[in-house]
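Visitor: I am attaching a structure below and will ask some questions about it afterwards.
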Amino acid sequence: MKRKGLICLVTILISIFFLTGLTFAVEEKTEEIKVINKIVTISAREGARPETLTSQPGTTVVWVNHSSSPLEILFLDKKVTLACGSPVNFFIGKDGAYESAKIPFGGTASLCFMEKGKYDYIIKVSRTFYPEPRTKKEHRGTVWIK
């Protein structure tokens, strides 16, 4: 008889526990992830604006082509070999580093920088288009990830 009473008591306590929702949840620690996007506009006459961009790892840089010619972005000494997210208008070249495809007028290219460093790049204006006499064939820019 004592055994039946004990089983009933345990069953009632378990039922109360589940019915009242008194569950013990483990508090998860969540890291706040900062989404940082920086925009660089490119014009045929002025080149990249801003010419030098400084940010931190995890920053996505978006280049917007405001010139009337297709452009390419080529990194010089330090190459981008690791990127977060899905790069737009960039592909991995033969050397294992990211290179841009031709960016059409009004088009964009974006790349998320993971590694710290100074990334110098040139913007090459397509050889088939030089509509304005004062258009440079090449502009330079820098991305600093600190």
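Visitor: How many residues does region 35-50 hold that are of a type in the set (S, T, N, Q), modelled with pLDDT of 95 or more and surrounded by 13 or more Cβ atoms within 10 Å (Cβ to Cβ)?
Guide: Number of matching residues: 1.
Visitor: Please state which of the following conditions residue 126 fails to meet, knowing it meets all the rest: (1) loosely packed, with under 15 Cβ neighbours inside 10 Å; (2) over 17 Å from residue 36 (Cα atoms); (3) out of contact with any Asp or Glu (no Cβ under 6 Å at 6 or more places or on another chain).
Guide: (1)
Visitor: Looking only at region 43-101, count how many residues are under 20 Å from residue 137 (Cα atoms), of a type in the set (Lys, Arg) and in contact with a Lys or Arg (Cβ under 8 Å, 6 or more places away or on another chain).
Guide: Summing the residues that are under 20 Å from residue 137 (Cα atoms), of a type in the set (Lys, Arg) and in contact with a Lys or Arg (Cβ under 8 Å, 6 or more places away or on another chain) in region 43-101 gives 1.
Visitor: Only one of (1) surrounded by 15 or more Cβ atoms within 10 Å (Cβ to Cβ); (2) out of contact with any Leu (no Cβ under 6 Å at 6 or more places or on another chain); (3) closer than 22 Å to residue 144 by Cβ is not met by residue 81, so which one is it?
Guide: (1)
For every residue, the table says whether it meets (1) under 18 Å from the mean Cα position of the chain (by Cα); (2) closer than 23 Å to residue 146 by Cβ; (3) modelled with pLDDT under 95.
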| residue | (1), (2), (3) |
| --- | --- |
| 52 | yes, yes, no |
| 62 | yes, yes, no |
| 77 | no, yes, yes |
| 92 | yes, no, yes |
| 107 | yes, no, no |
| 111 | yes, yes, no |
| 118 | yes, yes, no |
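Visitor: Would you please name the residue that is modelled with the lowest pLDDT, looking only at residues in region 129-146 that are exposed (fewer than 15 other Cβ atoms within 10 Å of the Cβ) and not in a loop (DSSP other than H, G, I, E, B)?
Guide: Checked region 129-146; the qualifying residue modelled with the lowest pLDDT is 138.
Visitor: For residue 30, work out the one condition from (1) at pLDDT 80 or above; (2) exposed (fewer than 15 other Cβ atoms within 10 Å of the Cβ); (3) among the hydroxyl-bearing types (Ser, Thr, Tyr) it doesn't fulfil.
Guide: Residue 30 satisfies all of (1) at pLDDT 80 or above; (2) exposed (fewer than 15 other Cβ atoms within 10 Å of the Cβ); (3) among the hydroxyl-bearing types (Ser, Thr, Tyr) except (1).
The values are calculated or read from the model by the stated rules, or taken from the named source; none is laboratory data. The model shown is predicted, which means the values in this text are computed figures rather than measured ones. Heads up, the Cβs are rebuilt from the backbone with ideal geometry, glycines too, and the neighbour counts pull from every protein chain shown.
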